[in-house]
1. Determine ³J(HN,Hα), in whole Hz, for all residues of segment A:354-359 in sequence, where each value follows from phi through the Karplus function 6.51 cos²θ - 1.76 cosθ + 1.60 and θ = phi - 60°; x replaces Gly and Pro.
2. Could you work out the relative contact order of segment B:184-248, using alpha carbon pairs under 8 angstrom and six or more residues apart, expressed as a whole percent?
3. Quick one: plug the Kirkwood hydrodynamic radius of the protein assembly as shown (C-alpha pairs) into Stokes-Einstein at 25 °C, 0.890 mPa s, and report D in µm²/s.
4. So for segment B:142-222, taking the charge dipole from beta-carbon charges (+1 Lys/Arg, -1 Asp/Glu), which of B:CYS203, B:PRO159, B:SER190 sits furthest toward the positive end?
5. Just to check I understand the Karplus step: with θ = phi - 60° and J = 6.51 cos²θ - 1.76 cosθ + 1.60, what whole-Hz values come out for segment A:375-391, glycine and proline as x?
6. Find me the longest stretch of chain B that has none of the exposed GluC sites (Glu not before Pro), where exposed means in a DSSP loop (not H, G, I, E or B) with at most 16 other Cβ atoms within 10 Å.
7. Of B:LYS120/B:LYS185; B:LYS122/B:LYS185; A:LYS120/A:LYS172; A:LYS36/A:LYS120; A:LYS322/B:LYS185, which ones are farther than 24 Å apart at the Cα?
8. In peptide B:238-251, how many Cβ atoms from other protein chains are near each Cβ within 10 Å, on average?
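Computed from the coordinates by the stated procedures, all read-outs in this text should not be read as laboratory data. Everything numeric in this text was worked out from a predicted model, so none of it was measured. Cβ atoms come from the backbone with ideal geometry, glycine included; neighbour counts cover every protein chain shown.
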Protein chains: 2
Amino acid sequence: MDMNDFILVSVDDHLVEPPDMFADHIPAKYKDDVPKLIQRVDGTDAWVFEGQEATNVGLNAVAGRPPDEYGAEPTKLAEIREGCYDIHERIRDMNANGVLAAMNFPSYPQFCGQYFARAKDKDLGLAVLRAYNDWHIDEWAGTYPGRMIPISLPPIWDPNLMAEEVRRVAAKGCHSVTFSENPTKLDYPSLHDPHWDPFWQACSDTDTVVCLHIGSSSSVVITSLDAPVDTMITLQPMSIVQAAADLVWSPVLRRFPDLTFALSEGGIGWIPYFLERIDRVYTMHRAWTHQDFKGKLPSEVFLDRIVTCFIDDGFGIECRDKLNLDMVTWECDYPHSDSTWPVAPETLDRHFQGVSDHDINRITHQNALRLFSFDPFTHIPKEHATVGALRALAKNVDLGYRSSERLRKTGTETVTVLDLAAELPTT
Amino acid sequence: MDMNDFILVSVDDHLVEPPDMFADHIPAKYKDDVPKLIQRVDGTDAWVFEGQEATNVGLNAVAGRPPDEYGAEPTKLAEIREGCYDIHERIRDMNANGVLAAMNFPSYPQFCGQYFARAKDKDLGLAVLRAYNDWHIDEWAGTYPGRMIPISLPPIWDPNLMAEEVRRVAAKGCHSVTFSENPTKLDYPSLHDPHWDPFWQACSDTDTVVCLHIGSSSSVVITSLDAPVDTMITLQPMSIVQAAADLVWSPVLRRFPDLTFALSEGGIGWIPYFLERIDRVYTMHRAWTHQDFKGKLPSEVFLDRIVTCFIDDGFGIECRDKLNLDMVTWECDYPHSDSTWPVAPETLDRHFQGVSDHDINRITHQNALRLFSFDPFTHIPKEHATVGALRALAKNVDLGYRSSERLRKTGTETVTVLDLAAELPTT
């Protein structure tokens with residue numbers, strides 16, 4: 001298949017929230033209490049909510065920056081590409097990369113809306129979270145129909161409220177929710193605990209996919225504080241294997257047979273090893289651990305029920321016969337430093353040599369659209385949805401690097417985890 | 001190749017120390033101060049040293065037990081197979097499994113000799129550690145020449161003493177040392193710190209391989225305390241990827257070009273994904289992290305310098321063209337619960353369909369013998385070293401399961417990490 005005929009749907013990109021996001025979505029009684037974007041005396045931006053500041057305005061939102069400036073995180077909207085927070089510019093950036101549709105994870109509220117969960121006034125927290133979801137669905141995703149797959153934040157402090165919110169947004173066409181790869185690290189019960197049952201039931205009832213993004217336990221893989229930061233960057237995606245093992249061994253997938261999970265930004269090349277390992281553990285240890293998959297193997301449960309995705313993972317594509325090609329999806333990761341933007345089609349094309357058109361279509365868009373219950377083609381005819389067609393609309397998008405003198409590091413010392421520790425996400 | 005013609009050398013088995021180990025090896029002045037195996041009032045065994053008790057007499061030494069009894073760890077020598085602690089019985093068990101030679105990691109002293117490192121009297125600690133190494137090399141490995149590849153414990157509290165000990169045992173023919181996959185978890189400096197340079201230099205000078213065994217950071221992969229124990233068992237081997245990333249990104253391999261590491265019990269099927277990932281991180285991030293591999297790729301450094309091994313990893317064998325087949329070795333893991341004993345040849349045979357004799361020989365024994373500087377064939381002619389020849393010597397070895405009523409669990413509840421927490425290794 002010619003690269004220009006790919007139809008690309010990314011299941012994991014990121015947005016940076018714009019200042020006016022709550023204006024049209026918060027009930028009048030709370031309108032003075034919503035999080036506000038302020039400029040601090042040092043010139044950096046911060047969101048403030050109930051007096052609590054969140055400074056990760058655009059954590060790692062480095063799209064378009066020269067690679068030698070990736071290390072210093074942007075601290076205000078003025079330092080990041082407009083496409084991060086402006087939907088019109090975002091669509092132009094997607095066009096330039098040939099991407100038809102994308103799902104966008106949040107920035108300052110953190111992956112599971114922890115920032116809202118910390119609200120002392122829980123009614124206010126819930127109102128703000130709902131306003132966030134309404135902004136995301138109606139405004140961010142609604143402005144350009146067929147271009148944004150909506151995803152909601154859960155009121156993680158109460159499984160019944162979570163269930164209610166899942167049902168509320170599903171009625172508005174949102175069938176994805178972002179949750180934690182390991183809620184115990186956020187001081188909530190584990191995936192093994194029945195605590196979450198109302199939430200699982202609501203997701204199951206509404207065909208809502210539960211997305212577990214790497215880093216959504218608010219922890220990063222740090223071997224030691226003096227380890228080069230490259231160590232963390234190398235290990236972070238694969239660490240989702242812990243959530244994969246948790247899921248397969250937990251009762252959740254067996255108790256909710258219609259529930260689907262996604263391992264967002266987790267990569268795919270490690271999966272065949274993992275599946276062989278998990279089946280071996282089942283076979284060798286089930287006599288004393290008392291696990292019972294009722295005639296199935298753990299690997300079959302994984303393959304049937306867990307959506308996987310990759311950015312740039314040639315080996316994973318090469319061993320695709322070990323995966324369930326109905327559950328493999330692709331992601332762009334715009335605007336983070338691991339993104340292939342604006343050369344995603346070229347990157348994929350290298351890996352798709354020898355892959356059938358049928359499989360390419362499943363991986364690039366068909367699986368994502370089916371799994372996340374999203375149909376762009378009622379809005380955009382297929383012939384206008386291809387890489388070639390979208391890029392033709394984007395000839396005037398400036399793809400040159402934009403340098404920021406403030407962000408330019410001059411040293412040549414190896415960067416360590418400690419150097420970035422202050423900028424790491426916190427619970 | 002016929003299974004009976006394999007020559008099997010295992011680079012990772014385990015011994016359980018017998019009570020009389022120090023008798024012939026400790027200097028007279030310390031003879032009353034060595035660790036002693038005692039029977040406690042509850043009937044369990046413990047080693048006692050400077051008043052400090054170590055109870056993991058045979059942690060997970062379950063060879064020969066019915067699989068439904070694996071969960072409860074043996075607490076005294078009387079509950080484990082004689083081959084764990086008796087060299088004559090061990091050789092018979094190796095014969096029964098067709099294994100020519102094996103390297104044996106320690107039990108109660110822990111992987112890096114932490115038990116000795118905790119000695120208040122450091123001179124005594126060093127004397128005991130040296131006596132341990134002498135017992136291991138001269139007695140355990142020396143009784144049957146050509147059958148045991150010796151490995152030494154390091155006096156981990158002092159890098160200069162470590163260097164001295166590496167040189168001392170190398171002169172006696174020992175070219176392996178067991179170290180930590182992450183010394184920071186044992187409260188020592190990280191792999192990135194020059195602290196260890198004298199040790200690396202001594203290993204480099206004496207062709208001594210530094211073995212990093214899974215669990216040698218005295219930590220296990222626990223997602224949550226109520227996670228089924230299967231989760232931990234699934235994740236533990238692959239967690240060595242953290243040490244792999246640490247090693248490749250650290251200056252150690254680049255500063256000591258003759259130094260070799262081994263990832264003991266780490267498996268191999270995850271490696272192709274890891275290598276693609278680490279090269280991608282280098283290419284995309286080096287401009288700001290300032291890593292420099294001088295024209296090489298990180299993957300090449302890994303493939304050239306790190307010995308890998310597997311127990312039962314068909315996918316790893318299948319994608320062997322992504323590995324360096326001069327650095328892949330095999331292990332049996334006797335007497336632990338992941339071991340393929342006594343059917344290692346049959347297990348390997350399944351994976352070796354379609355693999356050339358040349359590659360089978362490299363994986364099963366040639367790499368191990370070259371890398372660990374061990375030559376069994378001056379003692380045992382090749383025609384007596386094969387699976388078929390060794391098993392012919394072992395026809396009277398009892399391979400039936402031996403049950404222990406005390407160890408039999410009667411419940412059918414899923415076992416969780418919490419159930420085993422008391423039995424997990426501690427720092």
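1. x, 8, 5, 4, 4, 6
2. 34
3. 86
4. Farthest along the dipole direction, towards plus: B:CYS203.
5. 10, x, 6, 6, 9, 10, x, 3, 5, 9, 9, 7, 3, x, 5, 5, 5
6. On the way: sites that count: B:GLU50, B:GLU413.
Between exposed loop sites, the widest span is B:51-412.
7. A:LYS120/A:LYS172; A:LYS322/B:LYS185, as the Cα separations exceed 24 Å there.
8. Values: counts 8, 3, 0, 7, 10, 1, 3, 11, 7, 1, 4, 10, 7, 2.
The per-residue average across the peptide is 5.
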